[in-house]
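Following: one structure in structure tokens, then a few remarks.
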Amino acid sequence: MTRPALVEQRTRDSTTPNQRGSDECSVFAQARWERPASYELQNGLQVVVIPDHRTPVVTQMIWYNVGSADEPPGKSGLAHFLEHLMFKGTSKNPPGAFAQAVLRMGGHQNAFTGADFTSYFEHFPREQLGKMLEFEADRMTNLVLIDKDVRSERDVVLEELNMAVANNPGARLAEQMMAALYLNHPYGRLVIGWRHEIEKLGREDALGFYKRFYAPNNAVLIIAGDVEAGEIRPMVETSFGGIPPQPQIPAQRLRPQEPPPAAPRSITLADPRVEQPELNRHYLVPSARTALAGESPVLDVLAQLMGGGINSYLYRALVIDKKLASRAWASYEPTALDSSLVAISVAPEPGIEFEQIEHVIDGVIAGIAQHPARTEDIELVKTRLLAQAIYARDDQVKLALWYGSRLTTGLTIDEIRGWPDSIREVSAAQLSAAARKWLDKKRSVTGYLVKEPTH
């Protein structure tokens, strides 16, 4: 499972802030999350509680500070493989017991792996919290694996690789682009792993990784829903408090870093299954953790200004004005422990050459870099981004995802809560400076997806 996209496509809306109701603008202008309760157990487990009393349900998420970028050389896909194996049961709770308990109470559970984290979550009635905490604490330290299950699950992962990447030309292009963008950093390899390395993963690999990284002092437990921090703390202590910490967990997660980019790179992938050619471009940029103060919010606004909907600059230029493309978007992913990227994707109309598309993209970026964006355009983007903060408060799962993905990539609760304020402070001058500094073609990889002729 690849890293989930946590910066979502904004709502398409042709109105400007001045056309909105004054009450709505006021709400967005004041958007700020209430501070969740947070504490740490003696064994190092970080606990975050987000009360939401509108319905008697709870979302429990445990996030481990380990992902595909933490895998040993030659063992790509190990973090994701272990995620699958974590559902195989323990001596106390045999295979299927956890899943059946969740189903019987009308809940659901799942998991996902990213480059920097692995997360397991359950959504269930509030009165079942104690039982769910016990299940999750049990598999933190008591996982049982047998060779037969490991082999069969490895086959499942290989089939998932076939479906998600090998049989998807767009995903194969993305795979090659990431490998070209990250010359030295492990972000350049697939979260799911390379086939030839997955095929060699075994029981000892999984257990070694599990014992090395799955520990309370390497995890964040987030509980969102119909709970109060003081009320549930004894349950958390009872379930997790007796698990010993892993003394070998490093204070810092150190990985190889990227050298300064020296030249633009390009990738062409031809496949007979391609129905719609695409042009994609990735720029190497800082994440929220690695950026200088204020830089990450500027990149968030910049990406949305360029490609965040039908009013964005790329969409207007390519789809509406010049009619060169049927689709154009851009996004920025701030949640990464190390460097991140700004992505641009365009689907040309039939007969349109990639060179024409690139010329417009370069022109839009140059325009922002050389001339301050219009105030009304910037304010519209800010309103949409602040609306995202408001809407997240209406969804306990989304809010838990927001906090978990950022806490495991180096941000603090106060930095997460301060995101709306940092968006408000972005200026036109900062956007121009960011376009000049970070959207330099030397920092980019451009990918071309084309149809390979059949013979």
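The values are calculated or read from the model by the stated rules, or taken from the named source; none is laboratory data. Remember, predicted model here, so these are calculated numbers, not experimental data. Quick reminder, even Gly has a Cβ in these numbers, built from the backbone with ideal geometry, and neighbours come from all protein chains shown. All accessible areas refer to the heavy atoms of the entire protein, side chains included, with ligands and DNA or RNA removed. Shrake-Rupley method; radii C 1.70, N 1.55, O 1.52, S 1.80 Å.
Before moving on, here are some points about what is shown:
- Candidate set from the range 125-158 (those that are within 28 Å of the chain's Cα centre (by Cα) and among the basic types (Lys, Arg)); member that is surrounded by the fewest Cβ atoms within 10 Å (Cβ to Cβ): 126
- For the range 106-122, the criterion of being open to solvent by 50 Å² or more (accessible area, probe 1.4 Å) and either in contact with a helix residue (DSSP H, G or I) (Cβ under 8 Å, 6 or more places away or on another chain) or farther than 23 Å from residue 404 by Cβ (or both) is satisfied by at least one residue.
- Residues that are touching a helix residue (DSSP H, G or I) at 6+ places or on another chain (Cβ under 9 Å), over 15 Å from residue 196 (Cβ atoms) and not hydrophobic (A, V, I, L, M, F, W, C), drawn from the range 150-167: 151, 153, 160
- For the range 440-449, the criterion of being surrounded by fewer than 16 Cβ atoms within 10 Å (Cβ to Cβ) and within 24 Å of residue 261 (Cα to Cα) is satisfied by at least one residue.
- Condition met for residue 346 (touching a residue at least 24 places away in the same chain (Cβ under 8 Å), surrounded by 19 or more Cβ atoms within 10 Å (Cβ to Cβ) and over 28 Å from the mean Cα position of the chain (by Cα)): no
- Selection status of residue 296, open to solvent by less than 60 Å² (accessible area, probe 1.4 Å) and either of a type in the set (Lys, Arg) or outside any loop (DSSP other than H, G, I, E, B) (or both): yes
- Entry remark, the range 40-68: residues being open to solvent by less than 10 Å² (accessible area, probe 1.4 Å) and within 26 Å of residue 186 (Cα to Cα) number 7 in total.
- Top-ranked residue of the range 195-240 - restricted to ones that are open to solvent by 70 Å² or more (accessible area, probe 1.4 Å) and not basic (Lys, Arg), ranked as nearest to residue 176 (Cα to Cα): 196
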